[in-house]
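First the structure, in the form of structure tokens, and then the observations on it.
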């Protein structure tokens, strides 16, 4: 059970731009409730969603807007509302005065606008730009992770949290010296101890996000292994959240199939064989099998027998 009261002026997070601001009031089950204010004279649009069936609902609290749709111009004011589902072209609006409205959308979009998330993504970009071999690594891990999660039928909320955690999973590496990240030879014990700190450092960096506790847990656990031989806490089996087990597989697959300072890239077939060999001792077999399905559907992998 979850029951929350929000007092006037509070929100989960607020972003402010030159001509408008947005406050995330609530989120759950893939939907978000946003309070938005737009200054007079500004133009804005409702765009078609990339995902079928997404509904957007707008309820005007204050001010007036001009809506242009199907060649008509319609004035809307306080207590008017409109809904958009599966629209094919953008719908154009003009703020005739300062306008405040409630916006409800059945997909998660606020993390794309969040200044906190953007700032953290910039840190990830700095980490990856220090090593040509890991550039865009986090984007690829996020892509694989979300596709695996869909195969495993994770809820919309968990998909969103997994996506953000995947993008930010290596953010803690900002504290590791470049010479250690890029070292072509075997790491010393002291150097590896620095590497092993990055999951906890990353968790600490994201904890203040509006969904930070969940994402922090995923990031902190993404190097744990089912047999307890991972780090930082040596968790075992079900002690490791499924989202972290998914990132572990995606992270390892991408690391193996991309060039590194100390070796060339392995083939997808070799990487999958290794993941299967290390399942279920280190990796979740169900997650590995889901990755195999994804790779086969994308034509990146020859037919491979799933491991029970």
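Here are the numbers for this structure:
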quantity	calculated
Residue pairs meeting the criteria (Cβ under 6 Å; at least 6 apart or on separate chains; first on the phi > 0 side of the Ramachandran plot, in the range 215-238; second assigned to a loop (DSSP other than H, G, I, E, B) and buried (at least 21 other Cβ atoms within 10 Å of the Cβ))	237/226
Odd one out for residue 165 among (1) crowded, with 16+ Cβ neighbours inside 10 Å; (2) under 30 Å from residue 26 (Cβ atoms); (3) modelled with pLDDT under 90	(3)
Residue within the range 148-159 that is more than 30 Å from residue 85 (Cα to Cα), surrounded by 17 or more Cβ atoms within 10 Å (Cβ to Cβ) and touching a residue at least 40 places away in the same chain (Cβ under 8 Å) present	no
Restricting the range 83-132 to residues that are over 22 Å from the mean Cα position of the chain (by Cα), assigned by TED's automatic domain parsing to the domain that holds residue 58 and not in a strand (DSSP E or B), the residue that is surrounded by the fewest Cβ atoms within 10 Å (Cβ to Cβ)	88
Residues that are within 27 Å of residue 55 (Cβ to Cβ) and without any contact (Cβ under 8 Å) to a residue 24 or more places away in the chain, drawn from the range 104-142	112, 118
Single residue of the range 245-278 satisfying the filter (within 19 Å of the chain's Cα centre (by Cα) and free of Cβ contacts under 8 Å to residues at least 60 places away in the same chain) that is nearest to residue 178 (Cα to Cα)	252
Residue tally, condition under 22 Å from the mean Cα position of the chain (by Cα) and buried (at least 18 other Cβ atoms within 10 Å of the Cβ), over the range 173-199	3
Tally of residues being farther than 18 Å from residue 139 by Cβ and at pLDDT below 95 across the range 217-268	6
Any hit, the range 187-208, residues being modelled with pLDDT under 90, assigned by TED's automatic domain parsing to the domain that holds residue 246 and in a helix (DSSP H, G or I)	no
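Every residue, every condition in (1) within 27 Å of residue 89 (Cα to Cα); (2) exposed (fewer than 12 other Cβ atoms within 10 Å of the Cβ); (3) at pLDDT below 90, yes or no:
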| residue | (1), (2), (3) |
| --- | --- |
| 3 | no, yes, yes |
| 7 | no, yes, no |
| 16 | yes, yes, yes |
| 40 | yes, no, no |
| 52 | yes, yes, yes |
| 60 | yes, no, no |
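Residue by residue, here is whether (1) assigned by TED's automatic domain parsing to the domain that holds residue 149; (2) more than 21 Å from residue 160 (Cα to Cα); (3) part of a helix (DSSP H, G or I) holds:
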residue	(1), (2), (3)
218	yes, no, yes
230	yes, yes, no
275	yes, yes, yes
286	yes, no, yes
291	yes, no, yes
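The values are calculated or read from the model by the stated rules, or taken from the named source; none is laboratory data. Since this is a predicted model, take the numbers as computed values, not measurements. We place every Cβ from the backbone using ideal geometry, glycine too, and count neighbours over all the protein chains shown.
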